[in-house]
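In what follows, a structure is listed as structure tokens, so that the remarks can point back to it.
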Amino acid sequence: MQQLKYKLIFEELAEYRQQLGLTPAGSEDDRATIAKLEIGSSVFFGISAGSNPNCRKITLKVNPISRTHAEADAFQQAFDAGLRGDRARLIVDRDLCRACGQNGGVKGMARQLGLEEIEVISPSGRQTITLK
């Protein structure tokens, strides 16, 4: 059952990619990452800077590598909308890179939104990052 749930989640990202005219995730020509951030009933889709038709200025404090990533795009949209919350879910169609994951890019952006916990779902599986 859980496997089916994750499959449906990634199908939604694949459909969004298709709407943008991007190649499928993981394909030979794939140069983009798509992220979906859910906070309460609000949803934000982020796209890595090189493929983003609506590139926005990232004002969140984040490392220079993560600044251009889909995760930062999604978090910035939530920040600009004034959203803050206890919990959120981030779905990314590729695994977090070292800058976003191990080096704390996602964790730092989540803190700036006042989150206590964020669930991250990527092709490798699910992890929960606790902030407080």
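Here are the numbers for this structure:
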| item | result |
| --- | --- |
| Cα→Cβ-extended label distance, 7 Å offset, between Thr23 and Ile65, nm | 2.3 |
| Cα extents of the stretch 60-132 along the three principal axes, largest first (Å) | 30, 24, 19 |
| With 5 Å bins from 0: P(r) over the chain, alpha-carbon pairs, percent | 2, 11, 23, 26, 21, 13, 4, 1 |
| Greater than 20 Å apart at Cα, pairs in Lys36/Lys57; Lys7/Lys36; Lys36/Lys107; Lys7/Lys132; Lys107/Lys132 | Lys7/Lys132 |
| Protein accessible area in the stretch 10-103, 1.4 Å probe - carbon and sulfur % | 47 |
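The values are calculated or read from the model by the stated rules, or taken from the named source; none is laboratory data. Treat the numbers as computed from the prediction; the structure is a model and nothing was measured. Backbone-built Cβ (ideal geometry, glycine too); neighbour counts: all protein chains shown. Quick note on the areas: whole protein, heavy atoms, side chains included, nothing else; ligands and nucleic acids left out. Shrake-Rupley method; radii C 1.70, N 1.55, O 1.52, S 1.80 Å.
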